[in-house]
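One structure is given here, and the rest of the page talks about it.
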Amino acid sequence: MSAQPTFLGVVSAVSSASVAVELAASVDSGIIVLEGRNYRIGQVGSFVKIPLGYNLLYGVISESSETSKFDEDSRMASARKWIKVELVGESLGGNFDRGISEYPSIGDHVHFVVDSDLKSIFQKRSKNQFQVGRLSSSEGTEVSLDLDKLVARHSAILGSTGSGKSTSTASLLRSMVRRPDDSVLPSARVLLIDIHGEYGPALGDIAKTFSVLPSGENQLYIPFWCLSPEKLVDFLCNNPNDSQRSLFMDKTVEEKKASIGFNSILNVDEEKITGSTPLPYRLKKIWYDLCHEDGVNFNDAAMTIPAYTQNGEGSFEKLIAPKFIPPGSGNAMPKKGGNGSMKKQLDLMKSRLLDTQYSFLLNPGDWNPDKDGKIKRDLDGLIEDWLGHDKPITIFDLSGMPSSRLTLLLGSVLDILFEAAIWGRSAAEGMRERPLLIVLEEAHRYLGKAETGLSKEMVQRIAKEGRKFGVGAMIVSQRPSEIDETILSQCGTIISLRINNSTDRGIVKAAMSEGLAGIIDSLPVLRTGEAIIVGEAAQLPTRCRFNVLPDDKYPNSGDPKIGERWNNPRQKEDYSKLVKAWRNQDIT
């Protein structure tokens, strides 16, 4: 029996990644007082150490149990307490490393870890680590994460509604882009996709926010000509047939080739231009030309003179379709030209172009070609607006984006940024030189298992290839069971807050080490703002509480104070403001 006050018991069984420890009779009370502090023995999630000469093995308690042993001589039953310990790392000469180089033997002594040991394990070992919170079992011990591994190897923040997920995400991002002296990292790049408009108040001092709403501080534009034309025509015309799609693609390429001259764009080989080449084009002109071809009649047998009605030439700029004199009977003029097969699709396309809720896409400000095909600003200005400003965080507030089109439009943003990362990987402005972290809130809405859209396709691509080009992803979701397994499996670090649903817990358990099942089973009882962190960015599997945000820096995601609001006296109400905001697609 060891005389050391930290003695817990002895190793009684060893497997590939865990050991069973029989607790000594001296710890039957469950509490040991040491260095002026109470230590509760056998708590799931707490740390233990096993001395092996100059080497110290460290582990995490994942289970505790008790069995009865019957003594034949005394005819008495005695209780035996056991704990299961998952081995996670070792320390040699004061330097802690994950993984182990040797196993303990039966009978080796096991000790609980005191605060001084924890501080040694969790101390910052490089400038790439940043402090995110404090150990739940030891408030005096800071918990840090490795920034390189968190970004490059991807991560996921998972937690049920009300677990403090948004607040924890905001706290993590603030900690990530700030130095210990509270100054901001000058070259940090974080893009936060904010589906509900929650994060502006929490990160406003260190972030630039772009909104799809007309009243937004900075209007978010996603130029339609940056989208895949195949995806765009599906959106505009609601799944046209192959012939109609081909006609749209041909018109798009013609317009893109013309735009080189309109905008004096240099160093582009006209012969290599395809529908996917990111060049501006006049979408309204394409609509007009398609209307013309679909409905035209001619005043001559050679079919060269359109038979317009009086003042019927229309205007592509004003979205007025051309009108033609009906065809004559037999060989009489006008001669029929178009067959009218695209009228339904073109009417839908016009309604999309007129719909103000899509203005950020189809009428993208300085990036919208005028009637002569000229743009005021090119793609370089768009990317500079998004990522080249003086704040470390960019927020895309998509709270006004139609849900039915979220996956296409968000996918287009990711496509623009990832293509920029690939083709600009050797440039000083590229992501290899200034890496980018993309934080995807409410990820289950567009990364579901049944989803087939552009968002999921791009996130899968970033998860698989992003590390090579300096792009990392952070998935934030309340329903991990609904997220595509391919994406979740690529997340090297899992940050799990309270999760009540057993199906969701099963997904988190599968993403973590199998030996940590006992720790994962504690997910339903985590406090708000408390998380279990495992993976490459964490020194050890850790249960921690995130740094508390300043009072005025909380996300706008709290529950409404129903009792207080319902008790307030009624005021005179004017519902016209609500209807005005609805009609203008702008939050009042």
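The values are calculated or read from the model by the stated rules, or taken from the named source; none is laboratory data. Keep in mind that what you see is a predicted model, and the values were worked out from it rather than measured. Counting neighbours? That spans all protein chains shown, and the Cβs are built from the backbone with ideal geometry, glycine included. Ligands, DNA and RNA are excluded from the accessible area calculation, which covers all protein heavy atoms including side chains. Shrake-Rupley method; radii C 1.70, N 1.55, O 1.52, S 1.80 Å.
So the values come out like this:
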| read-out | value |
| --- | --- |
| Number of the exception - LYS272 against (1) surrounded by 13 or more Cβ atoms within 10 Å (Cβ to Cβ); (2) within 37 Å of the chain's Cα centre (by Cα) | (1) |
| Every pair of residues 6+ apart whose Cβ atoms lie under 8 Å, when the first sits in the stretch 463-485 and is of a type in the set (Asp, Glu) while the second is surrounded by fewer than 22 Cβ atoms within 10 Å (Cβ to Cβ) | GLU482/HIS444; GLU482/GLY448; GLU482/LYS449; ASP484/GLY448; ASP484/LYS449; ASP484/GLU451; ASP484/GLN460; GLU485/LYS449 |
| Residue list for the stretch 400-459, filter: free of Cβ contacts under 8 Å to residues at least 12 places away in the same chain and open to solvent by 20 Å² or more (accessible area, probe 1.4 Å) | SER404, TRP423, SER426, ALA427, ALA428, ALA450, THR452 |
| Total residues in the stretch 240-274, condition among the polar types (S, T, N, Q) and in contact (Cβ under 8 Å) with a residue 24 or more places away in the chain | 4 |
| Any hit, the stretch 243-257, residues being more than 32 Å from the chain's Cα centre (by Cα), farther than 30 Å from PRO334 by Cβ and crowded, with 22+ Cβ neighbours inside 10 Å | yes |
| Residue among LEU135, LEU158, LEU172, LEU92 that alone is open to solvent by less than 50 Å² (accessible area, probe 1.4 Å) and over 19 Å from LEU523 (Cα atoms) | LEU172 |
| Number of positions in the stretch 122-150 that are assigned to a strand (DSSP E or B) and of a type outside the set (Ser, Thr, Tyr) | 13 |
| Residue match in the stretch 492-499 (condition: touching a helix residue (DSSP H, G or I) at 6+ places or on another chain (Cβ under 6 Å) and either surrounded by fewer than 17 Cβ atoms within 10 Å (Cβ to Cβ) or in a helix (DSSP H, G or I) (or both)) | no |
| The stretch 148-158, residues that are at negative phi and under 15 Å from the mean Cα position of the chain (by Cα) | LEU150, VAL151, ALA152, ARG153, SER155, ALA156, ILE157, LEU158 |
| Some residue of the stretch 332-352 being under 14 Å from ASN297 (Cα atoms), exposed (fewer than 13 other Cβ atoms within 10 Å of the Cβ) and free of Cβ contacts under 8 Å to residues at least 12 places away in the same chain | yes |
| Residue within the stretch 250-257 that is touching an Asp or Glu at 6+ places or on another chain (Cβ under 8 Å) and not aliphatic (A, V, I, L, M) present | yes |
| Residue under evaluation GLY535, criteria (1) surrounded by 21 or more Cβ atoms within 10 Å (Cβ to Cβ); (2) touching a Phe, Trp or Tyr at 6+ places or on another chain (Cβ under 9 Å); (3) over 20 Å from ALA170 (Cβ atoms), criterion not met | (2) |
| Hits in the stretch 376-420 - residues which are farther than 17 Å from ASN363 by Cα and among the small types (Gly, Ala, Ser) | GLY388, SER399, SER403, SER404, GLY411, ALA420 |
| Hits in the stretch 5-48 - residues which are among the hydroxyl-bearing types (Ser, Thr, Tyr) and under 13 Å from LEU87 (Cβ atoms) | SER15, SER16, SER18 |
| Segments classed as helices (runs of 4 or more DSSP H), wholly inside the stretch 365-470, with at least 2 members that are β-branched (Val, Ile, Thr) | 406-423, 454-469 |
| Given (1) in contact with a Ser or Thr (Cβ under 8 Å, 6 or more places away or on another chain); (2) without any contact (Cβ under 8 Å) to a residue 40 or more places away in the chain, number of the condition PHE96 does not satisfy | (2) |
